[in-house]
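Supplied in structure tokens, the structure appears directly below.
The values are calculated or read from the model by the stated rules, or taken from the named source; none is laboratory data. All values derive from a computational prediction rather than experimental measurement. Cβ placement follows ideal geometry from the backbone for every residue including glycine, while neighbour counts extend to all protein chains displayed. The accessibility values were calculated without ligands, DNA or RNA, using every heavy atom of the protein model including side chains. Shrake-Rupley method; radii C 1.70, N 1.55, O 1.52, S 1.80 Å.
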Amino acid sequence: MPTPYGSRGGMAFSADELRVLRRALAIALQPEPVTPPGSLGPDRAEEVQDCFRLAEAVDEAVREGGRLRAFLLDELARYRAALPGAAVGYLEQLEGALAAGYEPLPEDLAALRALCRATVSDGEAARRRALLSYCERLAERCVRARLATRAVAAGPPRPRP
């Protein structure tokens, strides 16, 4: 069973993009004196253009990541709506979403609880229970984090008169 316990996807860069990224980081860490506009040498001007192209590529990758995430969440909802017949696909989609940082919804917890009540092999039942337990812990952690954020935003409690 692929484990959803904390692994996250990453962004891939081409070798050329990595070269530009390394150079941009080197420039940021050891900046050269700022030169007046228009006085950049041809090598420096090319480096600046490479950095702009890299920034555009990263922006596009972020947008594509957002589109992919929306698609995967829609797919997860479709599988959840097709339960119990789509149990295998739903569990795989849920595990993938969790691995990518998805916070399980109350609908996911309800679906997992229903799937845990279904008659399946011992191994599959254990897998479902483990996934439900993980999702419950994750959901509780997310709720506690939201409550803590609200408490901080509200400020310290006021003394009662």
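Could you list all residues from segment 101-123 that are in a helix (DSSP H, G or I) and farther than 15 Å from Cys142 by Cβ?
If we filter segment 101-123 for residues that are in a helix (DSSP H, G or I), which is where we start, we get 106-117, 122-123.
Scanning segment 101-123 gives Ala110, Ala111, Leu112, Arg113, Ala114, Leu115, Cys116, Arg117, Asp122, Gly123.
Follow-up question, since we're still on this one. Quick one: how many residues across segment 99-120 are open to solvent by 50 Å² or more (accessible area, probe 1.4 Å) and closer than 17 Å to Leu72 by Cβ?
Count: 4.
Condition test on Leu98, is it within 20 Å of Ala114 (Cβ to Cβ) and assigned to a helix (DSSP H, G or I)? Walk me through how you get there before you give the answer.
On the way: within 20 Å of Ala114 (Cβ to Cβ): yes; assigned to a helix (DSSP H, G or I): yes.
Yes: the conditions hold for Leu98.
Looking at segment 142-161, I want the residues that are closer than 18 Å to Leu109 by Cβ and have a partner that is surrounded by 10 or more Cβ atoms within 10 Å (Cβ to Cβ) and not polar (S, T, N, Q) with Cβ atoms under 8 Å, at least 6 apart or on another chain. Which pairs are those?
Here the result reads Cys142/Glu103, each pair linking segment 142-161 to a residue that is surrounded by 10 or more Cβ atoms within 10 Å (Cβ to Cβ) and not polar (S, T, N, Q).
Just checking, how many residues over segment 62-90 are of a type in the set (A, V, I, L, M), open to solvent by 30 Å² or more (accessible area, probe 1.4 Å) and over 20 Å from Ser133 (Cβ atoms)? I'd like the intermediate steps shown before the answer.
Filtering segment 62-90 for residues of a type in the set (A, V, I, L, M) gives 62, 68, 70, 72-73, 76-77, 81-83, 86-88.
Imposing the further condition that a residue be open to solvent by 30 Å² or more (accessible area, probe 1.4 Å) reduces the set to 62, 68, 70, 72-73, 77, 81-83, 88.
Next cut, over 20 Å from Ser133 (Cβ atoms) only: 62, 68, 70, 72-73, 77, 81-82.
Qualifying residue count for the region: 8.
OK, next. Which of the numbered conditions does Gln93 fail, given that it passes all the others? Conditions: (1) within 19 Å of the chain's Cα centre (by Cα); (2) in contact (Cβ under 8 Å) with a residue 24 or more places away in the chain; (3) surrounded by 17 or more Cβ atoms within 10 Å (Cβ to Cβ).
Of the numbered conditions (1) within 19 Å of the chain's Cα centre (by Cα); (2) in contact (Cβ under 8 Å) with a residue 24 or more places away in the chain; (3) surrounded by 17 or more Cβ atoms within 10 Å (Cβ to Cβ), the odd one out for Gln93 is (2).
When only residues in segment 121-161 that are basic (Lys, Arg) and modelled with pLDDT of 80 or more count, which is surrounded by the most Cβ atoms within 10 Å (Cβ to Cβ)?
Here the residue is Arg128.
Kindly evaluate Ala70 against the criterion of being under 16 Å from the mean Cα position of the chain (by Cα) and either polar (S, T, N, Q) or at pLDDT 75 or above (or both).
yes
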